[in-house]
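Notes follow once the structure below has been shown.
The values are calculated or read from the model by the stated rules, or taken from the named source; none is laboratory data. The model shown is predicted, which means the values in this text are computed figures rather than measured ones. No Cβ is skipped: glycine too gets one built from the backbone with ideal geometry, and neighbour counts run over all protein chains shown. The protein model used for the area step is the full one, side chains on, heavy atoms only, and it has no ligands, DNA or RNA in it. Shrake-Rupley method; radii C 1.70, N 1.55, O 1.52, S 1.80 Å.
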Amino acid sequence: MSNEILSKVLDGLRTKINDFNYKNWFQNLNWSYEEPNRVIVKVPSRFARDWLIDHYLELIKFEFFRLTEKEHQLVFKIDRNTNKTLELFPEPGQSEKTDTDAPALPATPVAVQQPVLNNSRAISDLGFNPKYRFDNYVVGQSNQFVHAACQSVACQPARSYNPMFVYGGVGLGKTHLLNAMGLECLKKYPNWRVIYITGEKFTNEVISSIRYGKGYELRKRFRENCDMLLIDDIQFIAGKERTMEEFFHTFNTLYEARKQIVMSSDQLPKNIPNLEERLRSRFSWGLMADIQTPDFETRMAILRKKSEDDNILLPDDVCSFVASHVLNNVRDLEGALVRISAFASLAKLPITLDLAKEVLKNIYTDIKPRLSVEGIQNKVADFYNLKISDLKSKRRHKNLAVPRQIAMYLCKTHLGVSFPEIGHKFGGKDHTTVMHAVKKISKCIDSDSATKADIQNLEKILGVE
Ligand code: ADP
Ligand code: MG
């Protein structure tokens, strides 16, 4: 079992680390469980130990956690007899250039304008958005890995994961994270020349450098005067030959000089159409980290954070209403909050659930709350002025039995839940009772116009007509 976990962790690492580093550090790794959740890693030298800790500890721990949902302790032991493949990188001092030290800081202050971090104008002049920082980025299950990786790169550029490729759908926080990385890096290393640019702007700069014969300046800026290049929406350069060519050389120069490269895209490199093969493979050399759509709890946390930051009084029920309607995208979540608060302040009304429903109904007509058995029971009980417990009871009075059967029918037709499951949720009834109910109501729809009208109304209320 423990061996199985170790080998699964390795499989996970293999997908996140480039081939060379994987083979070098992990392929023949000598590790074993000493006791539950405590793994001994044998390494051949102090250097190897420090390297692994510096570069991969967080990632390894994350993989253990991902697989077992338990924190693991990793204990590194130096054992000179351990497989030497871990020493492809020589001990410092044994070669003229030591491993992957972070890019050397420019000896003298560079000629480019240096940011003054508390001066948001200087920051914006460098292309950063001062609003996008780590401290206002909400972390949940969907983005904890990418967040940890971005922080690690921002604090130790060109040491941990290089290049880094962040991918995820629209409005999920790629631009926010790239900005935050740049700002964090500048905070730590104020002399660094950090460039943030979008793929689109980079393309325009290439075009204008060709037009005005300024190729030299362009190359100087991106290849020589750059310690960290953050390039957002890199997919934009796909299909643009000269831009891809320019970026290819920029990438190589920076990579060889051990400068940090971070890219973001809405897709994995292998899925970006019209991207040159040589770029596609380079993009995948380092760490790939995806941002997934936020789960309900993260959506709630984002809404809470944003409303706090903007001094918006957002009651819990409104927060949960918005989080359960705006599902796929943080930008839309923010948009909904802004609309609600603008509407409330213009109308001089407090933010309430009714107000939120009113505001969102026009934009999110297509977004319906996810139906559930409980949701259907709720609406049916409301509709017939009954209690939910009446629907679950065993009483057979017609005034209760028909609504109960209708509710069962709606659950079967719109949720596809099994007969036994419906029976269970209606107070532990037998599945044959549910089958009978569904059959009976299906027939009634054809023969009894009152039942038919009721069902149509209920379907309208449930948003499933
Ligand atoms: P993308 O570049 O992936 O399209 P953005 O970075 O522009 O997305 O994010 C859209 C909006 O959502 C921004 O205003 C950003 O601040 C916000 N946002 C995204 N993810 C988060 C998060 N986890 N916490 C806080 N704000 C977020
Ligand atoms: Mg973006």
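Taking the range 1-48 as the range and being basic (Lys, Arg), closer than 22 Å to residue 290 by Cβ and open to solvent by 50 Å² or more (accessible area, probe 1.4 Å) as the test, the residues that pass are 8, 14. Cβ-Cβ contacts under 6 Å between residues 6 or more apart (or on different chains), taken from a first residue in the range 218-232 that is in the same structural domain as residue 250 (by TED's automatic domain parsing) to a second residue that is aromatic (Phe, Trp, Tyr) and assigned to a strand (DSSP E or B), are listed as 230/196. Tell me yes or no: at least one residue of the range 146-159 is at pLDDT below 90, open to solvent by 50 Å² or more (accessible area, probe 1.4 Å), under 30 Å from residue 333 (Cβ atoms) and more than 16 Å from ligand 2 (Cβ to nearest atom). Looking for residues that are at pLDDT below 90, open to solvent by 50 Å² or more (accessible area, probe 1.4 Å), under 30 Å from residue 333 (Cβ atoms) and more than 16 Å from ligand 2 (Cβ to nearest atom), one finds none in the range 146-159, hence no. Summed over the range 397-420, residues that are in a helix (DSSP H, G or I) and touching a residue at least 40 places away in the same chain (Cβ under 8 Å) total 6.
Of all residues in the range 49-64, none are assigned to a loop (DSSP other than H, G, I, E, B), touching an Asp or Glu at 6+ places or on another chain (Cβ under 9 Å), crowded, with 16+ Cβ neighbours inside 10 Å and not assigned by TED's automatic domain parsing to the domain that holds residue 153.
Take the conditions (1) surrounded by fewer than 19 Cβ atoms within 10 Å (Cβ to Cβ); (2) within 16 Å of ligand 2 (Cβ to nearest atom); (3) hydrophobic (A, V, I, L, M, F, W, C); residue 180 misses just one of them, which is (1). Summed over the range 264-308, the residues that are assigned to a strand (DSSP E or B) and either closer than 12 Å to residue 143 by Cβ or more than 16 Å from ligand 2 (Cβ to nearest atom) (or both) give a count of 5. I need the full set of residues from the range 287-325 which are more than 30 Å from residue 63 (Cα to Cα) and within 13 Å of ligand 1 (Cβ to nearest atom), in order please. Correct list: 306, 307, 308, 309, 310. The requirement of being within 16 Å of ligand 2 (Cβ to nearest atom) and without any contact (Cβ under 8 Å) to a residue 60 or more places away in the chain is fulfilled somewhere in the range 335-346, by at least one residue.
Taken over the range 277-289, the criterion of being buried (at least 16 other Cβ atoms within 10 Å of the Cβ) and at pLDDT below 95 is satisfied by 282, 283, 284, 285, 286, 287, 288, 289.
Under the condition of being in contact with a helix residue (DSSP H, G or I) (Cβ under 9 Å, 6 or more places away or on another chain) and open to solvent by 30 Å² or more (accessible area, probe 1.4 Å), which residue from the range 343-357 is farthest from residue 305 (Cα to Cα)? In this case the residue turns out to be 347.
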